[in-house]
Amino acid sequence: MKPIDKNFRNQILTFLLASVMLTGAFWGAENGVTTAPPYAWVSDVPAISMQETAQDETNPRETQIEETKSQDETKAETPQNAQGDKQAEDNKNAASEEEPSKEENPDTGDLKEDAYAKETFSEDALLEEIGMTDGKITEIKVITGAGQEETVKNKNGAFDINLSTKNATILQVSYLDGKGTRKVYTKRVKYERPEGSTPAEKMPKIETNLKDGGTYNQQELNFDVWLTDYRGRRLSYSNIEVTANGDAADYIGEMDRQTYSVKLKEGANEIRVLARDVYQYAIVKTWTVYYKAGKGEITISLEGGTVGIPYFIRPQKMEVSDGENLAQVVERFLTQNGYSYRHAGTIKEGFYLSAVKKKGMLAGFSIPKDLIQKIEEDNFIFDIEGYAGEDELGEFDFSQGSGWMYSINGIYSSYGLSKAHAQDGDIVRIRFTLAYGKDIGGYKAMGETYGQAKDYGKEW
């Protein structure tokens, strides 16, 4: 077996550089990546609060008012859309200045009962808001985006208006002042469904790997949340608020789920998750977990089934101290078993495991033929002789999509080993992939799409 061909490595590096430039993703050690790039790109986008705007004091039903203006009707401006729905041809439908929905599969045909909610606006309250001691409101033009406009007439001093549940609604209030001059007052309304009003069948679905009633020995607790709306569509970080004992949880990243970190206090801790979909249907769930400082024990292994070597290091028990991150544990694990390693970053921050080394560790390797076929069908660069030698195994060996990945209790993490904290009883697997995790069940942890297939249908 010959050392890796330099041209092959250059091809790989050129390909990856082009991919990074196209996607804008950065997978260096600065982002805390511990698996071969780009397996665990860590987003630096903070969680977005869904209760940032002030409540409308004139409307007790939790309608949010964000901006107002009044002017002569002949000079009335039509609000312009900043980031919401697609702009209509006449530019008057731009009701939303909201950030676009982060749904994975946005609706193509919204149900009316989901997309709109009826609110009643009092003429007296609106006139008071305008600052008119006398006057009369004749009509309100309602702009909900995507070209949808409706004119609502005054009915006995009240206006029944269908507000968009997904985006802000623009109200253009036509009124006569005390002198009979016709004017227009414009207000932007963001609807928020009253707490507790979501029907059970419309509630979002929340799943997590938190152990309700469980006891943890590590003060820093990382956990994942899987979130979908009632139709089964995945929701994003903008749809969720997570707190621990009343304090906001730290947002780590997002792949096929959202990942959070909290610092526990001794004894009982309440973790609260509020999920709200794009139609403002909401659900709140709480978990109680306990923290008791002390040592724990995990099971950890080093595996190479993708190269025909099931275990470089068979599963073994490792003691873990409170405050010890997984990078520290992995370093002890490899050293105690006679392995060295190459890495980027430090144990405390940005630790990236690029290669594992031990004399003769790859002797007799045999990449399964069916796996080679899958990789080639995926149009990845592959070279059976493209590796550094029998004494190490690392990123870019054999394939452009190769490197080390890790999982905790079967879940591949979207954050690096420096940010991971294994709890008592956890099972940690460090596995070598040839195809961006598709061959070991870890592709969902990547956050980006590479190749033709999402998964290879089995693990090697």
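Can you give the extra length, in nm with one decimal, that the chain gains between I372 and T138 once fully stretched, where that is 0.36 nm per residue apart less the Cα-Cα distance?
On the way: separation 234, 0.36 × 234 = 84.24 nm, distance 7.26 nm.
In short, 77.0 nm is gained.
Using only the alpha carbons of the stretch 200-291, determine the length spanned along each of the three principal axes and report them from longest to shortest in whole angstroms.
Extents along the principal axes, in whole Å: 38, 26, 19.
For a quick check: sort H421, H343 by the number of other beta carbons within 10 angstrom, fewest at the front.
Numbers: H421 24, H343 20.
The most exposed by this proxy come first: H343, H421.
What shape does the stretch 303-370 have by the C-alpha gyration tensor, where a ≥ b ≥ c are the square roots of the eigenvalues, rounded means a/c under 1.5, and otherwise prolate means a/b greater than b/c and oblate the rest?
On the way: a/c = 2.24, a/b = 1.77, b/c = 1.26.
Cα axes put the stretch 303-370 in the prolate bin.
Per 10 Å bin from zero, what fraction in whole % of the C-alpha pairs of the stretch 328-460 is there, up to the bin with the longest pair?
11, 41, 36, 11, 0
At a Förster distance of 35 Å, what's the computed FRET efficiency of E459 paired with N337, Cβ-Cβ distance as r, to 0.05? Mind showing how you got there, number by number?
Numbers: r = 23 Å, r/R0 = 0.66.
That gives a FRET efficiency of 0.95.
Provide the packing ranking of 123-130, 152-159, i.e. peptides ordered by the mean count of other C-beta atoms within 10 Å per residue, highest first. Provide the component values of the computation, followed by the final result.
Working: 123-130: 17.4, 152-159: 13.0.
Result, highest mean first: 123-130, 152-159.
Using only Cα atoms, what is the ratio of the radius of gyration of the stretch 243-375 to 2.2 N^0.38 Å?
This ratio for the stretch 243-375 stands at 1.44.
If neighbour count is taken as other Cβ atoms inside 10 Å, put L417, L353, L235, L210 in order from fewest to most. Display every interim value, and only then the final one.
Working: L417 30, L353 27, L235 24, L210 19.
Sorted ascending by nearby Cβ count, the order is L210, L235, L353, L417.
Only loop residues by DSSP count here, and only those with at most 14 other Cβ atoms within 10 Å; note down the GluC sites (Glu not before Pro) in the stretch 159-225 that meet that.
E195
Would you mind computing, in nm to one decimal, how far apart the modelled labels at T299 and N379 are, each placed 7 Å from Cα along Cα→Cβ?
For the pair T299/N379, the computed spacing is 4.1 nm.
Given points 7 Å out from each Cα along the Cα-Cβ axis, report the K265 to D124 separation in nanometres with one decimal.
With each label placed 7 Å out from Cα toward Cβ, I get 4.6 nm.
Where a number appears in this text, it was derived from the coordinates with a stated rule and is not lab data. Note that the structure is a prediction, hence the values are computed from the model and not measured. In this analysis, Cβ positions are derived from the backbone assuming ideal geometry, glycine residues included, and neighbour counts consider all displayed protein chains.
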